[in-house]
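Working notes, structure below.
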Amino acid sequence: MQRTAIFILAVVFLLSVGATAQEVRSDISVQGTGFFIKDSNGQGVRQQGTQSGGVLGAYRYHINRWVSAEVAYGWNRNSQLFSTPGGFTRIQADVHQATGGLVLNLPVPRRFNGRLRMSPYVLAEGGALIFNPTNNGGSFLGAERQTVGAFVYGGGADFPVPMIRHVALRLEYRGLVYNAPNFGLSNLDTGAVTHTAQPSAGLVFRF
């Protein structure tokens with residue numbers, strides 16, 4: 001987790017240095033998110049994740065009109081529910097999300113010009129999810145913190161806030177694909193790749 005944080009800070013620093021010699025083209029967003037996990041099955045284990053909400057923050061640097069670089073950090077807390085031949089297990093964990101990648105800024109269809117001001121985009125990122133057991137609420141003893149790689153895809157749009165310069169409303173969807181966590185316990189391993197849907201809404205501050 002420390003290495004991931006250092007990498008993100010290094011990327012932000014390099015992008016900031018590159019921006020000093022030209023027009024400022026950066027923004028920071030703060031969003032509230034949903035976290036909806038697909039059920040996983042495999043090796044005699046059924047795994048379900050509880051639905052929850054969280055927060056997501058991102059820094060985006062607009063390289064040019066069409067392409068932007070982004071780093072993002074998210075947090076939420078949920079529980080993983082395991083059904084095995086030996087019984088039922090519940091593990092509550094904080095989920096930290098650290099990703100970085102590219103954003104493709106899309107042109108606005110001509111029919112929307114003058115009717116609905118917006119800046120649509122799609123994104124593709126890579127990074128990690130860190131599952132950190134809280135040991136609360138009846139969580140299974142012996143569960144360990146686990147980091148898994150994640151691929152992120154998605155898209156959204158920014159809508160300018162009337163009469164407030166450099167502020168916009170962001171509506172976004174992110175899909176996360178990763179190996180289902182087992183918290184270091186082989187008897188809870190489904191061996192499956194799972195998916196989390198993460199819709200969000202929040203504010204963007206440009207500077």
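The values are calculated or read from the model by the stated rules, or taken from the named source; none is laboratory data. All values derive from a computational prediction rather than experimental measurement. Note: ideal-geometry Cβ built from the backbone for every residue, glycine included; neighbour counts use all protein chains shown. Each accessible area value is taken on the protein alone, full model and side chains, heavy atoms only, with ligands, DNA and RNA left out. Shrake-Rupley method; radii C 1.70, N 1.55, O 1.52, S 1.80 Å.
Here are the numbers:
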| item | result |
| --- | --- |
| Test: residue in region 161-183 that is part of a loop (DSSP other than H, G, I, E, B), in contact (Cβ under 8 Å) with a residue 40 or more places away in the chain and at positive phi | yes |
| Output for region 42-78, where each listed residue is in a strand (DSSP E or B), touching a residue at least 40 places away in the same chain (Cβ under 8 Å) and over 19 Å from Gln92 (Cα atoms) | Gly42, Leu56, Tyr59, Arg60, Tyr61, His62, Ser68, Ala69, Glu70, Val71, Ala72, Tyr73 |
| Residues that are more than 30 Å from Thr89 (Cα to Cα), modelled with pLDDT under 95 and open to solvent by 80 Å² or more (accessible area, probe 1.4 Å), drawn from region 157-207 | Pro162, Met163, Ile164, Arg165, His166, Arg206, Phe207 |
| Filtered residues of region 79-88 (kept if assigned to a strand (DSSP E or B) and touching a residue at least 12 places away in the same chain (Cβ under 8 Å)) | Ser79, Gln80, Leu81, Phe82, Ser83, Thr84 |
| First in region 128-156 and polar (S, T, N, Q) and modelled with pLDDT of 95 or more, second anywhere and outside any strand (DSSP E or B) and open to solvent by 20 Å² or more (accessible area, probe 1.4 Å), Cβ under 9 Å, 6 or more apart | Asn132/Met1; Asn132/Arg145; Gln146/Asn182; Gln146/Gly184; Thr147/Met1; Thr147/Thr4 |
| Residue match in region 65-83 (condition: open to solvent by 20 Å² or more (accessible area, probe 1.4 Å), small (Gly, Ala, Ser) and out of contact with any Lys or Arg (no Cβ under 9 Å at 6 or more places or on another chain)) | no |
| Extreme residue, farthest from the chain's Cα centre (by Cα), among residues of region 24-56 that are modelled with pLDDT of 60 or more, open to solvent by 30 Å² or more (accessible area, probe 1.4 Å) and closer than 18 Å to Val204 by Cα | Arg25 |
